[in-house]
Amino acid sequence: MDASSLVVVIQSAILLGAIWAVLFWPWSSVRLDCFRQQVFTVRDELFDYAASGKISFDHPAYRLLRQSMNGFIRYGHKVSFWQSTVTWIAWRAASKPNRYQWESQWQEALKSLDDKTRADLLRLYTSATRLVTKRIVYGSPVLLIALCASAIAVVLSVGLRSASDVMSAALSRTAEHAVDQRILNEEAARAAA
């Protein structure tokens with residue numbers, strides 16, 4: 001390789017690095033801001049639901065769900081595949097007697113609600129956890145590959161449906177194996193405390 005070719009290769013590498021930095025460096029903070037704003041939106045919907053008198057602001061289910069969402073907002077910068085994997089390993093290594101306190105308190109609080117209110121709170125909980133799942137899966141190249149493989153498996157097993165249905169099913173399948181929502185809830189509750 002002569003000197004002029006080497007200069008072109010070095011210039012191209014520097015230019016590609018600069019383009020990557022300009023395009024992708026701010027991307028992580030944009031993703032974080034979007035995630036937090038989406039969780040704020042769901043939390044606002046929860047607040048409006050309670051303000052309409054359908055559930056008391058003092059009800060344990062309301063407080064737990066709000067605490068979880070507050071934790072996801074505060075803990076959002078740590079919501080990643082890497083961090084959830086490290087947290088999962090730490091949880092498995094530690095021997096904690098009451099591992100999933102938030103989960104058991106949440107289930108207990110839901111029992112005291114009527115069916116309509118329980119369904120509404122579960123819908124809000126599902127919305128929030130879906131946002132967390134998307135943040136983890138869409139932020140990891142490994143999980144994006146798994147998501148594409150799951151999407152192909154969904155299309156092959158169920159048949160061609162709308163792209164939204166395929167991605168939703170693929171996201172659920174990918175998240176089942178990559179994310180332990182109970183641990184994320186515990187960590188979010190701890191972050192909010």
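The values are calculated or read from the model by the stated rules, or taken from the named source; none is laboratory data. Source: prediction; values computed, not measured. Every residue, glycine among them, receives a Cβ derived from its backbone with ideal geometry; neighbour counts consider all protein chains shown.
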*Can you tell me how many residues in the stretch 141-193 are farther than 22 Å from T85 by Cα and under 12 Å from the mean Cα position of the chain (by Cα)?*
0
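If I filter the stretch 118-141 down to residues being β-branched (V, I, T) and in contact with a Leu (Cβ under 9 Å, 6 or more places away or on another chain), which single residue comes out as farthest from E186 (Cα to Cα)?
Pass one, the stretch 118-141, residues β-branched (V, I, T): 126, 129, 132-133, 136-137.
Narrowing further to those that are in contact with a Leu (Cβ under 9 Å, 6 or more places away or on another chain): 129, 132-133, 136-137.
Working: T129: 13, V132: 13, T133: 15, I136: 16, V137: 19 Å.
Among residues in the stretch 118-141 that are β-branched (V, I, T) and in contact with a Leu (Cβ under 9 Å, 6 or more places away or on another chain), the one farthest from E186 (Cα to Cα) is V137.
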*Please name all residue pairs, on different chains or six or more residues apart, with Cβ atoms under 6 Å, provided the first residue is in the stretch 140-153 and is touching a residue at least 40 places away in the same chain (Cβ under 8 Å) and the second residue is among the aromatic types (F, W, Y).*
S140/F81; L143/F81
_Every residue in the stretch 60-118 that is under 24 Å from G139 (Cβ atoms), modelled with pLDDT under 90 and among the polar types (S, T, N, Q), please._
S80, Q83, S84, T85, T87
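For the stretch 48-59, name all the residues that are part of a helix (DSSP H, G or I) and crowded, with 16+ Cβ neighbours inside 10 Å. Show your work before the answer.
As a first pass, look at the stretch 48-59 and keep what is part of a helix (DSSP H, G or I): 48-51.
Of everything in the stretch 48-59, those that are part of a helix (DSSP H, G or I) and crowded, with 16+ Cβ neighbours inside 10 Å turn out to be Y49, A50.
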*asked:* Restricting to the stretch 29-78, give me the number of residues that are under 13 Å from the mean Cα position of the chain (by Cα), farther than 20 Å from A193 by Cα and touching a residue at least 40 places away in the same chain (Cβ under 8 Å).
replied: 4
_Please go through the stretch 125-147 and give me each residue that is loosely packed, with under 13 Cβ neighbours inside 10 Å and of a type outside the set (A, V, I, L, M), ordered by number._
T126, P141
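Yes/no matrix, rows are residues, columns are (1) at positive phi; (2) surrounded by 14 or more Cβ atoms within 10 Å (Cβ to Cβ); (3) polar (S, T, N, Q):
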{"residue": "R31", "(1), (2), (3)": "no, yes, no"}
{"residue": "Q83", "(1), (2), (3)": "no, yes, yes"}
{"residue": "V86", "(1), (2), (3)": "no, no, no"}
{"residue": "R92", "(1), (2), (3)": "no, no, no"}
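How do the helices (runs of 4 or more DSSP H) wholly within the stretch 80-184 filter down when requiring 3 or more residues that are within 26 Å of Y62 (Cβ to Cβ) and out of contact with any Ser or Thr (no Cβ under 7 Å at 6 or more places or on another chain): which remain? Break it down into steps so the answer makes sense when it comes.
Numbers: elements: 81-93, 101-111, 115-138, 141-158, 163-178.
The helices (runs of 4 or more DSSP H) meeting that bar are 101-111, 115-138.
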*So S5 fits all but one of (1) surrounded by 10 or more Cβ atoms within 10 Å (Cβ to Cβ); (2) at pLDDT below 85; (3) more than 28 Å from L131 (Cβ to Cβ); what number is the exception?*
(1)
*Evaluate the stretch 18-33: report whether one residue or more is over 25 Å from F81 (Cα atoms) and assigned to a helix (DSSP H, G or I).*
yes
